[in-house]
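Data first, discussion second: the structure below is written as structure tokens.
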């Protein structure tokens with residue numbers, strides 16, 4: 001699959017909010033609570049000797065059927081960074097072993113998108129965990145190596161390291177060949193929207209965060225802040241720019257709460273007043289949240305949990321808490337008679353961070369059952385795509 005560059009996301013209006021990952025961060029209160037990659041990906045079956053259940057049928061329109069994969073938070077704590085250093089044997093950092101098992105699932109998609117929640121250092125001169133994150137650049141190298149094509153970058157930690165951190169993160173992603181949406185190094189960059197050209201189909205990607213933990217962004221365009229009216233306007237621009245499918249990534253929710261908050265529901269309702277938004281992908285809660293199929297056929301993934309993170313265990317959480325759970329969602333999209341793409345199938349692959357090695361595994365039975373129960377709790381007809389070994 002080949003992605004052709006077409007700019008990065010537009011900065012949204014500011015919404016001030018407090019909160020910090022791994023410290024009980026919260027979101028704004030709701031006013032009410034209404035309801036350039038290589039071509040030719042290898043199917044998971046060929047890559048691993050396994051099969052992925054429920055493959056889609058050919059498109060009746062003759063236009064390409066695409067599978068888009070999305071994963072949860074990349075959050076490198078001090079402990080996780082130390083493990084990556086150990087993996088490298090004292091010569092830098094190696095995140096490859098942590099992500100290797102999920103690689104076939106990502107490579108089986110036509111487009112794989114991560115959520116790069118924290119800043120990334122361009123030269124590893126400043127590395128830190130909570131509360132002001134800065135991850136080694138080898139994280140981005142590993143992300144690209146396992147199959148990620150793009151990342152959303154708007155989060156409550158985007159400006160932890162100010163303008164320098166925003167620039168270094170995007171510089172590193174550019175260097176390794178990962179596209180991005182949600183933050184910007186200049187006003188000119190912020191004024192552009194992000195598109196991915198996938199098998200000749202233009203996909204629009206917008207990314208926003210509820211706030212920045214009380215840190216004033218170095219410029220209003222440095223990170224896209226969540227404003228439904230602005231999101232609707234940006235989605236209209238994306239559609240006018242040729243997008244046949246528009247994804248909106250939202251960093252919102254209440255940490256460690258698997259039930260969508262009133263604020264999340266309010267935002268979703270406001271954003272989906274736009275006819276131009278096809279799919280909402282949520283982040284921030286650090287636990288898996290439900291998937292919803294709307295009456296009009298559009299989909300909302302409220303929260304993908306953690307893909308790669310080692311958050312501290314709190315009293316009573318045990319050794320396998322929900323914040324070790326994550327999920328790869330696989331949205332299969334196809335064109336209707338009018339040429340507009342829509343989600344035709346929603347699959348998922350539960351994951352689990354195994355400690356102390358911090359390896360992302362296919363979820364063991366208890367974690368898989370927990371994730372499946374949450375994802376289906378709103379009645380969405382989703383399909384477990386865990387590879388059959």
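The values are calculated or read from the model by the stated rules, or taken from the named source; none is laboratory data. Just so we're clear, the structure is a prediction, and the values are computed from it rather than from any experiment. Positions of Cβ are backbone-derived with ideal geometry, glycine not excepted, and every protein chain shown enters the neighbour counts.
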Which condition breaks for residue 194 when tested against (1) surrounded by fewer than 24 Cβ atoms within 10 Å (Cβ to Cβ); (2) closer than 23 Å to residue 67 by Cα? (1)
Can you tell me how many residues in the stretch 169-191 are farther than 26 Å from residue 108 by Cα and surrounded by fewer than 23 Cβ atoms within 10 Å (Cβ to Cβ)? 8
Enumerated strands (runs of 3 or more DSSP E) restricted to the stretch 133-207, each holding at least 2 residues that are out of contact with any helix residue (DSSP H, G or I) (no Cβ under 8 Å at 6 or more places or on another chain), over 22 Å from residue 276 (Cβ atoms) and modelled with pLDDT of 95 or more: none
Could you check the stretch 75-98 and list, in sequence order, the residues that are buried (at least 17 other Cβ atoms within 10 Å of the Cβ), touching a helix residue (DSSP H, G or I) at 6+ places or on another chain (Cβ under 7 Å) and not in a helix (DSSP H, G or I)? 76, 93, 94, 95
When you scan the stretch 250-267, how many residues do you find that are part of a helix (DSSP H, G or I) and buried (at least 24 other Cβ atoms within 10 Å of the Cβ)? 2
